[in-house]
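A short worksheet on the structure shown next.
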Amino acid sequence: AKSVGRDTYCFFEASMNASIHQQLLLMQDLRVAIQRRELVLYYQPKFTAHEGSVVGIEALVCWEHPERGMIPPDEFIPLAEKTNMIMPLGAWVLDEACRQLAEWRRERHVEWTLSVNLSAVQFRHASLVDTVRGALHRHALDPGWLTLEITESTAMRDADASLHILQQLHEMGVCISIDDFGTGYSSLLYLQRLPATELKIDRGFVRDLAHDTEDAAIVSAIVALWRSLNLSVVAEGVETTEQKSFLTALGCHSLQGYLLGKPMRADVLDQFMQPGG
Ligand code: C2E
Ligand code: CA
Ligand code: CA
Ligand code: CA
(Lines give C-alpha, C1' and ligand atoms only; values in the text may rest on other atoms or scores of the structure.)
(Ligands and ions follow the chains in the order given, each with its own letter.)
Protein backbone atom coordinates (compact mmCIF):
# COMPACT_ATOMS: atom_id res chain seq x y z
CA ALA A 1 0.00 0.00 0.00
CA LYS A 2 2.92 2.30 0.82
CA SER A 3 4.49 1.89 -2.61
CA VAL A 4 1.16 2.59 -4.26
CA GLY A 5 0.98 5.71 -2.19
CA ARG A 6 4.41 6.80 -3.32
CA ASP A 7 3.66 6.07 -6.95
CA THR A 8 0.51 8.07 -6.67
CA TYR A 9 2.45 10.90 -5.11
CA CYS A 10 5.12 10.81 -7.84
CA PHE A 11 2.49 10.77 -10.51
CA PHE A 12 0.74 13.70 -8.93
CA GLU A 13 3.95 15.68 -8.66
CA ALA A 14 4.89 14.97 -12.27
CA SER A 15 1.55 16.12 -13.57
CA MET A 16 1.69 19.21 -11.41
CA ASN A 17 5.12 20.09 -12.82
CA ALA A 18 3.78 19.58 -16.30
CA SER A 19 0.98 21.99 -15.70
CA ILE A 20 3.31 24.60 -14.18
CA HIS A 21 5.54 24.15 -17.20
CA GLN A 22 2.53 24.60 -19.47
CA GLN A 23 1.58 27.74 -17.63
CA LEU A 24 5.07 29.20 -18.00
CA LEU A 25 5.01 28.53 -21.73
CA LEU A 26 1.61 30.11 -22.01
CA MET A 27 2.79 33.15 -20.06
CA GLN A 28 5.70 33.64 -22.47
CA ASP A 29 3.29 33.43 -25.39
CA LEU A 30 0.94 35.88 -23.76
CA ARG A 31 3.66 38.53 -23.71
CA VAL A 32 3.72 38.62 -27.50
CA ALA A 33 0.06 37.79 -28.09
CA ILE A 34 -1.04 41.41 -28.17
CA GLN A 35 1.64 42.49 -30.68
CA ARG A 36 0.86 39.48 -32.84
CA ARG A 37 -2.81 40.39 -32.78
CA GLU A 38 -3.80 37.01 -31.41
CA LEU A 39 -6.20 38.48 -28.88
CA VAL A 40 -9.66 38.98 -30.27
CA LEU A 41 -12.74 40.60 -28.83
CA TYR A 42 -16.11 38.92 -29.01
CA TYR A 43 -19.23 40.97 -28.46
CA GLN A 44 -22.35 39.69 -26.74
CA PRO A 45 -25.48 41.83 -27.07
CA LYS A 46 -27.65 42.79 -24.14
CA PHE A 47 -31.41 43.09 -24.76
CA THR A 48 -34.27 44.86 -23.03
CA ALA A 49 -36.50 42.22 -21.45
CA HIS A 50 -39.77 43.61 -22.78
CA GLU A 51 -39.08 45.03 -26.25
CA GLY A 52 -36.17 42.73 -26.99
CA SER A 53 -34.09 45.52 -28.50
CA VAL A 54 -30.32 45.66 -28.17
CA VAL A 55 -29.23 48.22 -25.60
CA GLY A 56 -25.60 47.35 -25.25
CA ILE A 57 -22.78 44.99 -26.02
CA GLU A 58 -20.29 43.30 -23.72
CA ALA A 59 -16.72 42.81 -24.89
CA LEU A 60 -15.22 39.41 -24.04
CA VAL A 61 -11.59 38.68 -24.83
CA CYS A 62 -10.42 35.45 -26.44
CA TRP A 63 -6.98 34.22 -27.44
CA GLU A 64 -6.54 32.67 -30.85
CA HIS A 65 -3.32 30.83 -30.15
CA PRO A 66 -1.47 29.77 -33.32
CA GLU A 67 -0.81 26.22 -32.01
CA ARG A 68 -3.37 25.64 -29.30
CA GLY A 69 -6.37 27.17 -30.99
CA MET A 70 -8.96 29.15 -29.08
CA ILE A 71 -8.13 29.71 -25.44
CA PRO A 72 -11.06 31.05 -23.36
CA PRO A 73 -10.48 33.96 -20.97
CA ASP A 74 -10.91 31.83 -17.86
CA GLU A 75 -7.68 30.05 -18.84
CA PHE A 76 -5.41 33.04 -19.39
CA ILE A 77 -6.90 35.97 -17.45
CA PRO A 78 -5.91 34.40 -14.08
CA LEU A 79 -2.41 33.85 -15.50
CA ALA A 80 -2.24 37.41 -16.73
CA GLU A 81 -3.30 38.59 -13.30
CA LYS A 82 -0.47 36.73 -11.60
CA THR A 83 2.15 38.37 -13.83
CA ASN A 84 0.70 41.86 -14.09
CA MET A 85 0.30 41.21 -17.83
CA ILE A 86 -3.31 42.02 -17.10
CA MET A 87 -2.39 45.72 -17.12
CA PRO A 88 -1.34 45.99 -20.80
CA LEU A 89 -3.91 43.34 -21.72
CA GLY A 90 -6.71 45.19 -19.95
CA ALA A 91 -5.67 48.50 -21.52
CA TRP A 92 -5.72 46.86 -24.96
CA VAL A 93 -9.21 45.40 -24.39
CA LEU A 94 -10.51 48.80 -23.32
CA ASP A 95 -8.96 50.64 -26.26
CA GLU A 96 -10.02 48.09 -28.88
CA ALA A 97 -13.58 47.87 -27.53
CA CYS A 98 -13.87 51.68 -27.49
CA ARG A 99 -12.55 51.82 -31.06
CA GLN A 100 -15.17 49.30 -32.16
CA LEU A 101 -18.02 51.09 -30.40
CA ALA A 102 -16.99 54.40 -31.99
CA GLU A 103 -17.03 52.70 -35.40
CA TRP A 104 -20.47 51.18 -34.82
CA ARG A 105 -21.91 54.44 -33.56
CA ARG A 106 -20.41 56.36 -36.48
CA GLU A 107 -21.26 53.93 -39.26
CA ARG A 108 -24.42 52.23 -38.05
CA HIS A 109 -25.91 55.03 -35.98
CA VAL A 110 -26.70 52.65 -33.12
CA GLU A 111 -27.17 53.87 -29.59
CA TRP A 112 -25.56 50.90 -27.93
CA THR A 113 -23.49 51.24 -24.83
CA LEU A 114 -20.35 49.21 -24.28
CA SER A 115 -19.52 46.99 -21.30
CA VAL A 116 -15.94 46.01 -20.51
CA ASN A 117 -14.90 43.55 -17.80
CA LEU A 118 -12.26 44.62 -15.31
CA SER A 119 -10.08 42.34 -13.23
CA ALA A 120 -9.45 42.87 -9.53
CA VAL A 121 -5.77 43.55 -10.28
CA GLN A 122 -6.55 46.42 -12.68
CA PHE A 123 -8.73 47.76 -9.99
CA ARG A 124 -5.92 48.00 -7.48
CA HIS A 125 -3.99 50.46 -9.69
CA ALA A 126 -5.02 54.08 -9.48
CA SER A 127 -3.74 54.42 -13.10
CA LEU A 128 -6.97 52.71 -14.17
CA VAL A 129 -8.77 56.02 -14.06
CA ASP A 130 -6.33 57.57 -16.58
CA THR A 131 -6.39 54.48 -18.77
CA VAL A 132 -10.18 54.74 -19.00
CA ARG A 133 -10.11 58.48 -19.61
CA GLY A 134 -7.45 58.00 -22.32
CA ALA A 135 -9.42 55.35 -24.21
CA LEU A 136 -12.62 57.44 -24.14
CA HIS A 137 -10.75 60.50 -25.32
CA ARG A 138 -8.89 58.72 -28.16
CA HIS A 139 -12.14 57.46 -29.63
CA ALA A 140 -14.22 60.53 -28.79
CA LEU A 141 -16.73 58.56 -26.73
CA ASP A 142 -19.13 59.97 -24.20
CA PRO A 143 -18.21 58.47 -20.78
CA GLY A 144 -21.87 57.57 -20.27
CA TRP A 145 -21.61 55.08 -23.14
CA LEU A 146 -19.12 52.97 -21.22
CA THR A 147 -19.97 50.54 -18.44
CA LEU A 148 -17.23 48.87 -16.45
CA GLU A 149 -18.14 45.49 -15.03
CA ILE A 150 -16.53 44.42 -11.80
CA THR A 151 -17.46 41.26 -9.99
CA GLU A 152 -19.11 41.41 -6.63
CA SER A 153 -16.04 39.82 -5.01
CA THR A 154 -13.71 42.38 -6.61
CA ALA A 155 -15.81 45.20 -5.28
CA MET A 156 -15.75 43.67 -1.82
CA ARG A 157 -12.10 42.73 -1.63
CA ASP A 158 -10.61 46.06 -0.67
CA ALA A 159 -13.80 47.91 -0.04
CA ASP A 160 -12.42 51.36 0.77
CA ALA A 161 -9.85 51.49 -2.04
CA SER A 162 -12.47 50.15 -4.47
CA LEU A 163 -14.93 52.75 -3.40
CA HIS A 164 -12.40 55.52 -4.02
CA ILE A 165 -11.58 54.37 -7.57
CA LEU A 166 -15.25 53.71 -8.34
CA GLN A 167 -16.14 57.19 -7.21
CA GLN A 168 -13.56 58.75 -9.55
CA LEU A 169 -14.89 56.71 -12.48
CA HIS A 170 -18.44 57.61 -11.53
CA GLU A 171 -17.56 61.31 -11.38
CA MET A 172 -16.10 60.99 -14.87
CA GLY A 173 -19.54 59.79 -15.98
CA VAL A 174 -18.69 56.12 -16.57
CA CYS A 175 -21.31 53.55 -15.49
CA ILE A 176 -20.49 50.77 -13.06
CA SER A 177 -21.99 47.30 -13.12
CA ILE A 178 -21.69 44.66 -10.42
CA ASP A 179 -21.07 41.36 -12.23
CA ASP A 180 -21.71 37.79 -11.00
CA PHE A 181 -24.00 39.11 -8.31
CA GLY A 182 -25.03 36.56 -5.71
CA THR A 183 -21.70 34.70 -5.69
CA GLY A 184 -20.11 36.94 -3.07
CA TYR A 185 -21.29 37.89 0.35
CA SER A 186 -21.57 41.63 0.15
CA SER A 187 -23.48 43.48 2.75
CA LEU A 188 -26.38 45.48 1.43
CA LEU A 189 -25.13 48.46 3.33
CA TYR A 190 -21.89 48.43 1.39
CA LEU A 191 -23.58 47.76 -1.94
CA GLN A 192 -25.78 50.73 -1.39
CA ARG A 193 -22.70 52.94 -1.01
CA LEU A 194 -21.26 51.83 -4.34
CA PRO A 195 -21.92 54.24 -7.21
CA ALA A 196 -23.21 51.33 -9.32
CA THR A 197 -26.01 51.70 -11.84
CA GLU A 198 -26.43 48.08 -12.85
CA LEU A 199 -26.31 44.66 -11.32
CA LYS A 200 -25.89 41.39 -13.19
CA ILE A 201 -27.42 38.33 -11.60
CA ASP A 202 -24.99 35.45 -11.88
CA ARG A 203 -26.02 32.79 -14.33
CA GLY A 204 -25.84 30.21 -11.55
CA PHE A 205 -29.17 31.58 -10.30
CA VAL A 206 -30.69 31.71 -13.76
CA ARG A 207 -29.97 28.08 -14.65
CA ASP A 208 -32.63 26.34 -12.55
CA LEU A 209 -34.81 29.35 -11.97
CA ALA A 210 -37.96 27.82 -13.38
CA HIS A 211 -37.64 24.66 -11.25
CA ASP A 212 -35.81 25.72 -8.12
CA THR A 213 -38.13 27.74 -5.90
CA GLU A 214 -35.24 28.91 -3.71
CA ASP A 215 -33.34 30.38 -6.67
CA ALA A 216 -36.55 31.99 -7.86
CA ALA A 217 -37.11 33.55 -4.45
CA ILE A 218 -33.55 34.91 -4.35
CA VAL A 219 -33.77 36.39 -7.83
CA SER A 220 -37.14 37.90 -7.08
CA ALA A 221 -35.79 39.50 -3.89
CA ILE A 222 -32.70 40.87 -5.67
CA VAL A 223 -34.80 42.39 -8.44
CA ALA A 224 -37.25 43.97 -6.01
CA LEU A 225 -34.47 45.42 -3.88
CA TRP A 226 -32.50 46.86 -6.77
CA ARG A 227 -35.53 48.26 -8.46
CA SER A 228 -36.36 50.05 -5.23
CA LEU A 229 -32.88 51.61 -5.37
CA ASN A 230 -33.60 52.62 -8.97
CA LEU A 231 -30.91 50.42 -10.42
CA SER A 232 -31.04 48.30 -13.50
CA VAL A 233 -31.02 44.52 -13.14
CA VAL A 234 -29.58 42.30 -15.88
CA ALA A 235 -29.85 38.51 -15.97
CA GLU A 236 -27.04 36.65 -17.71
CA GLY A 237 -26.92 33.12 -19.06
CA VAL A 238 -30.46 33.09 -20.41
CA GLU A 239 -30.66 29.90 -22.48
CA THR A 240 -34.36 28.98 -22.60
CA THR A 241 -37.61 30.78 -23.39
CA GLU A 242 -38.85 29.56 -20.02
CA GLN A 243 -36.04 31.43 -18.22
CA LYS A 244 -36.68 34.46 -20.38
CA SER A 245 -40.37 34.74 -19.49
CA PHE A 246 -39.67 34.00 -15.84
CA LEU A 247 -37.04 36.74 -15.58
CA THR A 248 -39.19 39.21 -17.47
CA ALA A 249 -42.12 38.50 -15.14
CA LEU A 250 -39.86 38.99 -12.12
CA GLY A 251 -39.02 42.46 -13.41
CA CYS A 252 -35.50 42.12 -14.82
CA HIS A 253 -34.74 45.06 -17.09
CA SER A 254 -32.34 43.37 -19.49
CA LEU A 255 -31.31 39.90 -20.55
CA GLN A 256 -28.19 38.33 -21.96
CA GLY A 257 -27.59 34.76 -23.01
CA TYR A 258 -27.21 32.19 -25.76
CA LEU A 259 -30.98 32.21 -26.37
CA LEU A 260 -30.87 35.82 -27.51
CA GLY A 261 -27.34 36.22 -28.81
CA LYS A 262 -24.01 34.48 -28.29
CA PRO A 263 -20.72 36.35 -28.07
CA MET A 264 -19.74 37.10 -31.68
CA ARG A 265 -16.87 38.59 -33.60
CA ALA A 266 -17.53 42.17 -34.67
CA ASP A 267 -18.24 41.29 -38.31
CA VAL A 268 -20.65 38.51 -37.27
CA LEU A 269 -22.49 40.89 -34.93
CA ASP A 270 -22.77 43.27 -37.90
CA GLN A 271 -24.58 40.53 -39.86
CA PHE A 272 -26.69 39.58 -36.84
CA MET A 273 -27.89 43.16 -36.46
CA GLN A 274 -28.74 43.62 -40.16
CA PRO A 275 -32.46 44.48 -40.40
CA GLY A 276 -34.26 41.23 -40.99
CA GLY A 277 -31.03 39.24 -40.67
P1 C2E B 1 -18.50 37.07 -17.43
O2 C2E B 1 -18.12 38.51 -17.42
O3 C2E B 1 -19.50 36.63 -16.43
O4 C2E B 1 -18.98 36.78 -18.92
C5 C2E B 1 -20.03 35.93 -19.28
C6 C2E B 1 -19.53 34.57 -19.71
O7 C2E B 1 -20.65 33.70 -19.87
C8 C2E B 1 -18.80 34.57 -21.04
O9 C2E B 1 -17.83 33.53 -21.01
C10 C2E B 1 -19.92 34.22 -22.00
O11 C2E B 1 -19.46 33.61 -23.20
C12 C2E B 1 -20.69 33.23 -21.20
N13 C2E B 1 -22.12 33.18 -21.58
C14 C2E B 1 -22.88 34.15 -22.12
N15 C2E B 1 -24.14 33.73 -22.32
C16 C2E B 1 -24.19 32.46 -21.86
C17 C2E B 1 -25.24 31.48 -21.78
O18 C2E B 1 -26.39 31.69 -22.16
N19 C2E B 1 -24.90 30.28 -21.22
C20 C2E B 1 -23.65 30.00 -20.78
N21 C2E B 1 -23.41 28.79 -20.27
N22 C2E B 1 -22.64 30.90 -20.85
C23 C2E B 1 -22.92 32.11 -21.38
P24 C2E B 1 -16.31 33.78 -21.44
O25 C2E B 1 -16.23 34.60 -22.69
O26 C2E B 1 -15.65 32.44 -21.45
O27 C2E B 1 -15.74 34.67 -20.27
C28 C2E B 1 -15.55 34.13 -18.98
C29 C2E B 1 -15.13 35.20 -18.00
O30 C2E B 1 -13.84 35.72 -18.33
C31 C2E B 1 -16.04 36.42 -18.00
O32 C2E B 1 -17.20 36.14 -17.25
C33 C2E B 1 -15.14 37.46 -17.37
O34 C2E B 1 -15.16 37.34 -15.97
C35 C2E B 1 -13.78 37.06 -17.88
N36 C2E B 1 -13.40 37.96 -18.99
C37 C2E B 1 -13.77 37.92 -20.29
N38 C2E B 1 -13.23 38.94 -20.99
C39 C2E B 1 -12.49 39.66 -20.10
C40 C2E B 1 -11.69 40.85 -20.20
O41 C2E B 1 -11.56 41.49 -21.25
N42 C2E B 1 -11.08 41.27 -19.05
C43 C2E B 1 -11.24 40.62 -17.86
N44 C2E B 1 -10.59 41.09 -16.78
N45 C2E B 1 -11.98 39.51 -17.73
C46 C2E B 1 -12.61 39.04 -18.83
CA1 CA C 1 -19.21 40.40 -17.41
CA1 CA D 1 -21.09 37.49 -15.14
CA1 CA E 1 -17.98 35.00 -14.42
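The values are calculated or read from the model by the stated rules, or taken from the named source; none is laboratory data. Quick caveat, the model's predicted, so the values are computed rather than measured. Here Cβ is always computed from backbone atoms with ideal geometry, including for glycine, and neighbour counts include all displayed protein chains.
If we scan segment 158-175, do we find a residue that is in a loop (DSSP other than H, G, I, E, B), under 19 Å from Leu231 (Cβ atoms) and touching a strand residue (DSSP E or B) at 6+ places or on another chain (Cβ under 8 Å)?
Yes, segment 158-175 contains a residue that is in a loop (DSSP other than H, G, I, E, B), under 19 Å from Leu231 (Cβ atoms) and touching a strand residue (DSSP E or B) at 6+ places or on another chain (Cβ under 8 Å).
Could you list, in sequence order, all residues of segment 174-190 that are touching a residue at least 12 places away in the same chain (Cβ under 8 Å), of a type in the set (Ser, Thr, Tyr) and more than 16 Å from ligand 3 (Cβ to nearest atom)?
Selection gives Tyr185, Tyr190.
Any residue in segment 115-124 that is among the hydroxyl-bearing types (Ser, Thr, Tyr), at pLDDT below 95, out of contact with any Leu (no Cβ under 8 Å at 6 or more places or on another chain) and loosely packed, with under 14 Cβ neighbours inside 10 Å?
no
Would you kindly identify the strands (runs of 3 or more DSSP E) lying entirely within segment 49-149 that contain at least 1 residues that are at negative phi and touching a residue at least 60 places away in the same chain (Cβ under 8 Å)?
54-65, 113-117
Give me the helices (runs of 4 or more DSSP H) completely within segment 184-277, filtered to those with at least 3 residues that are farther than 24 Å from Leu60 by Cβ, ordered by residue number.
Because the criterion is at least 3 residues that are farther than 24 Å from Leu60 by Cβ, the helices (runs of 4 or more DSSP H) in segment 184-277 that meet it are 188-193, 213-228, 241-250.
Given the options Ile86, Ile77, name the one that is in contact with a helix residue (DSSP H, G or I) (Cβ under 8 Å, 6 or more places away or on another chain), more than 24 Å from Leu260 (Cα to Cα) and within 16 Å of ligand 3 (Cβ to nearest atom). Reasoning before the result, please.
Details: Ile86 fails: within 16 Å of ligand 3 (Cβ to nearest atom).
It is Ile77.
Look through Asp158, Asp208, Asp179, Asp202 and report the one residue that is over 20 Å from the mean Cα position of the chain (by Cα) and either crowded, with 18+ Cβ neighbours inside 10 Å or of a type outside the set (Val, Ile, Thr) (or both).
On the way: Asp158 fails: over 20 Å from the mean Cα position of the chain (by Cα); Asp179 fails: over 20 Å from the mean Cα position of the chain (by Cα); Asp202 fails: over 20 Å from the mean Cα position of the chain (by Cα).
Checking each option against the conditions leaves just Asp208.
Right, Leu247: crowded, with 17+ Cβ neighbours inside 10 Å and either more than 23 Å from Val54 (Cβ to Cβ) or hydrophobic (A, V, I, L, M, F, W, C) (or both) or not?
On the way: crowded, with 17+ Cβ neighbours inside 10 Å: yes; either more than 23 Å from Val54 (Cβ to Cβ) or hydrophobic (A, V, I, L, M, F, W, C) (or both): yes.
Yes.
Within segment 142-190, which residues are within 28 Å of Ala102 (Cα to Cα), among the acidic types (Asp, Glu) and more than 16 Å from ligand 2 (Cβ to nearest atom)?
Asp142, Glu171
Scan segment 234-246 residue by residue and report those that are over 20 Å from the mean Cα position of the chain (by Cα) and either within 13 Å of ligand 3 (Cβ to nearest atom) or not aromatic (Phe, Trp, Tyr) (or both).
Thr240, Thr241, Glu242, Gln243, Lys244, Ser245
Got at least one residue in segment 229-236 being polar (S, T, N, Q), surrounded by 17 or more Cβ atoms within 10 Å (Cβ to Cβ) and farther than 30 Å from Glu107 by Cα?
No: segment 229-236 contains no residue that is polar (S, T, N, Q), surrounded by 17 or more Cβ atoms within 10 Å (Cβ to Cβ) and farther than 30 Å from Glu107 by Cα.
In segment 125-157, which residue that is at pLDDT 95 or above and either under 21 Å from Asp74 (Cα atoms) or polar (S, T, N, Q) (or both) is nearest to ligand 3 (Cβ to nearest atom)?
Glu149
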